[in-house]
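Let me begin by presenting the structure, written as structure tokens, before commenting on it.
The values are calculated or read from the model by the stated rules, or taken from the named source; none is laboratory data. Worth saying up front: this structure is predicted, and the values here are computed from it rather than measured. Cβ atoms come from the backbone with ideal geometry, glycine included; neighbour counts cover every protein chain shown. These accessible areas exclude ligands, DNA and RNA; they are computed on the full protein's heavy atoms, side chains included. Shrake-Rupley method; radii C 1.70, N 1.55, O 1.52, S 1.80 Å.
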Number of protein chains: 2
Amino acid sequence: MSQQHHPDDDQLHKLRHSLAHILAQAVLEVRPEAKLGFGPPVENGFYYDFDFGDRPIGPEDFPDLEERMQRIVKARQEFEGFEQDLQESEAMLGTTDQHYKIEYARELVEKGIAQGGRLTFFRNGPFLDMCEGPHLKHTGEVPKACFKLDKIAGSYWRGDEHRPMLTRIYALAFPSRDELKEFLGRRELAMQRDHKKLGAELELFFHDDDVGVGLPLWLPGGTAIREELERWAKEEEFRAGYQRVSTPIITRAGLYHRSGHLPYYAESMYPPMLVDEHDEYYLRPMNCPHHHKIYASRGRSYRELPLRLCEYGNVFRYEKHGSLSGLLRVRAMCMNDAHIYCAYEQIGEEFANVMALYDRYYQHLHLSEFRARLSLHDPDSPKFAKDVDEWRRCEDIMRSILKEAGVDFEEEVGEAAFYGPKLDLQMKNLMGREETVSTVQLDFLMPGRFGLTFTDRDGSRQAPYIIHRAPLSTHERFISFLIERFGGAFPTWLAPIQVALIPVGEHALAYADELRRTLTERLFRVELDDSSETFNKRIRTAVTRKIPNLWILGAEETAARSVTWRRYGVKEQQRLDLAKALDTLDALRAGRVMDNLPETAWPQI
Amino acid sequence: MSQQHHPDDDQLHKLRHSLAHILAQAVLEVRPEAKLGFGPPVENGFYYDFDFGDRPIGPEDFPDLEERMQRIVKARQEFEGFEQDLQESEAMLGTTDQHYKIEYARELVEKGIAQGGRLTFFRNGPFLDMCEGPHLKHTGEVPKACFKLDKIAGSYWRGDEHRPMLTRIYALAFPSRDELKEFLGRRELAMQRDHKKLGAELELFFHDDDVGVGLPLWLPGGTAIREELERWAKEEEFRAGYQRVSTPIITRAGLYHRSGHLPYYAESMYPPMLVDEHDEYYLRPMNCPHHHKIYASRGRSYRELPLRLCEYGNVFRYEKHGSLSGLLRVRAMCMNDAHIYCAYEQIGEEFANVMALYDRYYQHLHLSEFRARLSLHDPDSPKFAKDVDEWRRCEDIMRSILKEAGVDFEEEVGEAAFYGPKLDLQMKNLMGREETVSTVQLDFLMPGRFGLTFTDRDGSRQAPYIIHRAPLSTHERFISFLIERFGGAFPTWLAPIQVALIPVGEHALAYADELRRTLTERLFRVELDDSSETFNKRIRTAVTRKIPNLWILGAEETAARSVTWRRYGVKEQQRLDLAKALDTLDALRAGRVMDNLPETAWPQI
């Protein structure tokens, strides 16, 4: 969700800030000796920092504190603001030895932040706090059941690890009970669907400390998803006239000096390796220069354009250790990359084709929670290439195609790549947090830097334009989105295990094993659960693993050569002839049917 | 061809050595002032080094020299050996100022190599040379037209770049004129089929200096071959119960200390990158440790074994600059790798299954020019793990399975991996030069080093054994073999372009374009040549590019919706209904038919 200013924001800010005071008042009722730190409103609620000395407070105290807060709300205490000078403030805060507050008061005055040396305080009931406000009129304005104490964390005073560690109590607070409930539901869902949690539970990927940080290892389940996405991309790109290439993952430093990524981009790259005594090689952070080299490997004619080179390419980015997270922020990734080299007059059609490909992918996957952002250059920034005409031409083309295609987009100045404007697809996760899932860039700079040309119809040499695109993003980022979007319940074509065979009784074993062989021969990912567990236990196991199709095979099915088909998340089951069942499975895979979504739960069987 | 000692070798050695003297005699006829270096027999012939001062000799002098050599042969000069001491030798060689020979004579005596200080000489006709012999009885024993002067190269005296540069004349020599002719034919073929030459001509791959050395970039044509091989491997491996994984290309140094590859193997690896201030990361030289980590990612039960983990994995080896060559020796490669974790009792069946997979691949590709070498440990070498019993057990298993499978193999002591015995598949190139194309290793050491275990039926914890295998080798090495094996003429399923459409006349253009779209939709790699060149020129272009299938489309074909199908290397062409043609193409691809080989030139159409 983009953070825009909203008329209700002021009121929400007041509510959360006032609740922070109410929390502190409740805490002081049970820990009168507690020393207060800061207590600001934050996203989704507020927190307050306390020094509890040797009488800590924990989550087990939350119900009592919440009750006390409710009582304070009912008491309709008025918030009353007033000012004092530093001496008066020190005296007042000194009566309960609030030394953190006193320290801060002195700093505000010393630094001239407190206007005219006057400090602002708010009082409600017995509670007093140094703060700027604003606040609600009285505590009774807090809506019923709109807040909830959430969790406890440690936090250094002033964020300085040499100062005391305080206890931070986080709380959630929304304008209404319903909004709190909705947030809690969403958060619960997000936690259940968290790709790191599901990635471990469903055995899709893991990290290993011996291998390194930010370097996921993909288990067979996750690899199956990668391979299916690649197969899809390869077919789509083949039909759309792309040509596949395969280029080295390392390269000499000179290539990035030429592109302009070195030295400026160096801090986002792994350090170089010194080879053959004097030669620096880098792990590549992007595939572009390698593709440019393929373009330049021989002379090109206008007849060859547009030349569309594609590669699922491994790239490496040195992300800070602290910012790494699951599959979303990693250091090694595999990108659904391509570069389209075309003449100026071809940009429009090629860009429209790329947009159509995006549309096909995203519609097919039922991904709609994204917005398009057209990122433009900032003429005042030195970061961007200096060609005013090119910027205008390229930005105009992109803008007009997006409008023609009816794409809803926002423009943002200063977010372009240094070599041209780009379209960013911003996808929201379940918590409404936005990430860039993919970009399309229009590049007028690199052809010059790499000396890329083509011989035009009239014999003249021209420079091509380049469209950079990666609709399926990196496997790492895209699959993290897919896991969370589907809560780990993948459609048949993407599912790590596509069919679980569950024989009932000894007499069905041979039939089950025959089906296992038949499905394997047809390249379906199948598992036969012939363990000695009970029927119900085996069903539960398959459901826990979110396997989309369960084929139950008992005496009747064996005799009739049929299967009883149970689908993930669907109550009814169906009995089908084996031939029909196999055909259906074929159709689910061949059509890449999104049969994990409610509307296709029983697709055309 | 393995270099084994052969009864004819002595005679061939004498022939080549005697011819070297005959060459030197001929050279001295035209350059009496020339100083002689060494003139030994070598593989395929002999050479002689000369110092020509300021009167050089070049290939343009070869016909004259060959004529003079023939005259010497006809003269039936006897080879007469005798001995002298150093002083006599110096005097004799001094008469024509043969100072290189004198230098060498002194060295032989000083180092005590000349027995009793006596030096051996051979004289034939007017020519005298210091040499050990043996020689033919007389020059008339040289068979007719059995030799040929080949080329000239520079060579430092004693291989020392600070000593004078001599002129080396290379010559070919075989026991008969026919054998010389056969060799020349083979060499001509090898040159035509050289994968570096064909790789450039057919636009399969190239190297770029800005990208780096030993790092081929694969063009669309070469990438198509890679992708087809991968698809084949993936299907075969899936049906054989392998599970695909995907693991990072870099890793912390500790992983290789654990495996034992560091520090010993360091000189074959790229240097480490220092990351996060204190952490060394390496480009991986092999995939094994990553797969071991996947095995170890959770507890394993005997029920899961054999666990077969496979990956087309990118690996990096630091080969010396001078030893790099085309695709055969590179620094970055992609390997058809897998590791099979199994219990001791399962080794036999798993190893036999692996051998069967090799057999299927090689038979299918009609690759028969290889031999199997069972590489055993050397109990006296410190290089090998110290467990005598394990070595015996593992070597015995491999030996008995190879015998059972009827594989013809040789044993070689000391060629094992340090962690276990291995089977090497040695493939011959067109010149008979042998390279290892692939190995199967049986590993009893790494499970201990990586703490790999499984819970056995009885609840005990056991260590698995590991089979390492890569039947399709690396893409780089395997495709270099395939290019040379097929002379760049690939079967339909592997061919970079599978069908060339050649319309004849304006009226066929629409039909040709329709076929282009139909074939593209069916994922065939197709090219429509609608250029303005003549029909014959377009046919020649397609043939030069070794495109396996040419569909010629004229007025008749358009009217009848048929195609005239011409196949690469086949004289007759056939007219087929479009539907039948499409079915045939489907069948060629689906069956991965080796339709580039003479016996399948017109496969079941």
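Results, tabulated for the structure shown:
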quantity: Among the candidates A:THR492, A:THR600, residue that is under 29 Å from A:LEU365 (Cα atoms) and modelled with pLDDT under 95; calculated: A:THR600
quantity: Helices (runs of 4 or more DSSP H) lying entirely in the range B:36-122 (those with 1 or more residues that are within 21 Å of B:ILE152 (Cβ to Cβ) and assigned by TED's automatic domain parsing to the domain that holds B:LEU172); calculated: B:62-74, B:99-110
quantity: Odd one out for B:PRO164, checked against (1) open to solvent by 40 Å² or more (accessible area, probe 1.4 Å); (2) within 25 Å of B:LEU15 (Cα to Cα); (3) under 41 Å from the mean Cα position of the chain (by Cα); (4) in contact (Cβ under 8 Å) with a residue 60 or more places away in the chain; calculated: (2)
quantity: Scope the range B:231-244; condition within 25 Å of A:GLN243 (Cβ to Cβ), more than 10 Å from chain A (Cβ to nearest Cβ) and not aromatic (Phe, Trp, Tyr); matching residues; calculated: B:ALA233
quantity: Count of the range A:451-482 residues which are under 34 Å from the mean Cα position of the chain (by Cα) and either over 21 Å from A:GLU349 (Cβ atoms) or basic (Lys, Arg) (or both); calculated: 12
quantity: The lone exception for A:GLY94 - which of (1) free of Cβ contacts under 8 Å to residues at least 24 places away in the same chain; (2) open to solvent by 50 Å² or more (accessible area, probe 1.4 Å); (3) under 23 Å from A:LEU28 (Cα atoms) it fails; calculated: (2)
quantity: When residues of the range B:270-282 are limited to those that are open to solvent by less than 40 Å² (accessible area, probe 1.4 Å) and more than 7 Å from chain A (Cβ to nearest Cβ), the one modelled with the lowest pLDDT; calculated: B:ASP279
quantity: Qualifying position, being under 24 Å from B:GLU203 (Cβ atoms), among the acidic types (Asp, Glu) and modelled with pLDDT of 95 or more, among B:GLU556, B:GLU527; calculated: B:GLU527
quantity: Extreme residue, farthest from the other protein chains (Cβ to nearest Cβ), among residues of the range A:245-269 that are open to solvent by less than 20 Å² (accessible area, probe 1.4 Å) and under 17 Å from A:ARG331 (Cα atoms); calculated: A:MET269
quantity: Subset of the range A:439-470 (residues that are part of a loop (DSSP other than H, G, I, E, B) and either open to solvent by 40 Å² or more (accessible area, probe 1.4 Å) or touching a Lys or Arg at 6+ places or on another chain (Cβ under 9 Å) (or both)); calculated: A:PHE444, A:PHE450, A:GLY451, A:LEU452, A:THR453, A:ASP456, A:ARG457, A:ASP458, A:GLY459, A:ALA463, A:PRO464
quantity: Residues (open to solvent by 50 Å² or more (accessible area, probe 1.4 Å) and out of contact with any Asp or Glu (no Cβ under 7 Å at 6 or more places or on another chain)) located in the range A:97-125; calculated: A:ASP97, A:HIS99, A:GLU103, A:TYR104, A:ARG106, A:GLU110, A:LYS111, A:GLY112, A:ILE113, A:GLN115, A:GLY116
quantity: Any hit, the range B:302-310, residues being in a loop (DSSP other than H, G, I, E, B) and either within 10 Å of chain A (Cβ to nearest Cβ) or of a type in the set (A, V, I, L, M) (or both); calculated: yes
quantity: Condition broken by B:LEU523, with the remaining ones in (1) on the phi > 0 side of the Ramachandran plot; (2) away from chain A (no Cβ under 12 Å) satisfied; calculated: (2)
quantity: Number of positions in the range A:473-505 that are without any contact (Cβ under 8 Å) to a residue 60 or more places away in the chain and open to solvent by less than 10 Å² (accessible area, probe 1.4 Å); calculated: 4
quantity: Residue in the range A:379-388 that is touching a residue at least 12 places away in the same chain (Cβ under 8 Å), under 23 Å from A:MET446 (Cα atoms), of a type in the set (Val, Ile, Thr) and not in a loop (DSSP other than H, G, I, E, B) present; calculated: no
quantity: All positions within the range A:184-210 that are in contact with a helix residue (DSSP H, G or I) (Cβ under 6 Å, 6 or more places away or on another chain) and without any contact (Cβ under 8 Å) to a residue 12 or more places away in the chain; calculated: A:ASP208, A:ASP210
quantity: Unique residue being buried (at least 21 other Cβ atoms within 10 Å of the Cβ) and more than 10 Å from every other protein chain (Cβ to nearest Cβ) when the list is A:ALA338, A:ALA332; calculated: A:ALA338
quantity: Scan of the range B:34-60 for residues that are among the charged types (D, E, K, R) and at pLDDT below 95, ordered by number; calculated: B:GLU43, B:ASP54, B:ARG55
quantity: Among residues of the range B:283-305, those that are under 26 Å from B:GLY348 (Cα atoms) and open to solvent by less than 30 Å² (accessible area, probe 1.4 Å), counted; calculated: 13
quantity: Test: residue in the range B:396-415 that is under 19 Å from B:CYS288 (Cβ atoms), crowded, with 22+ Cβ neighbours inside 10 Å, under 30 Å from the mean Cα position of the chain (by Cα) and free of Cβ contacts under 8 Å to residues at least 60 places away in the same chain; calculated: yes
quantity: Residue check for A:GLU557: away from chain B (no Cβ under 14 Å), of a type in the set (Asp, Glu) and open to solvent by less than 20 Å² (accessible area, probe 1.4 Å); calculated: yes
quantity: Which numbered condition B:HIS207 misses (of (1) surrounded by fewer than 22 Cβ atoms within 10 Å (Cβ to Cβ); (2) touching a Lys or Arg at 6+ places or on another chain (Cβ under 9 Å); (3) under 19 Å from A:ILE250 (Cβ atoms)); calculated: (2)
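Listed here are the residues, each with its yes/no results for (1) modelled with pLDDT under 95; (2) assigned by TED's automatic domain parsing to the domain that holds B:SER246; (3) out of contact with any Lys or Arg (no Cβ under 8 Å at 6 or more places or on another chain).
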site: B:MET333; (1), (2), (3): no, yes, no
site: B:ALA338; (1), (2), (3): no, yes, no
site: B:ALA343; (1), (2), (3): no, yes, yes
site: B:TYR362; (1), (2), (3): yes, yes, yes
site: B:SER368; (1), (2), (3): yes, yes, yes
site: B:PRO379; (1), (2), (3): yes, yes, yes
site: B:PRO382; (1), (2), (3): yes, yes, yes
site: B:ASP387; (1), (2), (3): yes, yes, yes
site: B:LYS403; (1), (2), (3): yes, yes, yes
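Conditions (1) open to solvent by 10 Å² or more (accessible area, probe 1.4 Å); (2) at the interface with chain B (Cβ under 7 Å from one of its Cβ atoms); (3) within 30 Å of A:ALA171 (Cα to Cα), marked per residue:
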site	(1), (2), (3)
A:LEU184	yes, no, yes
A:LEU189	yes, no, yes
A:LYS197	yes, no, yes
A:PRO220	yes, yes, no
A:ILE225	no, no, no
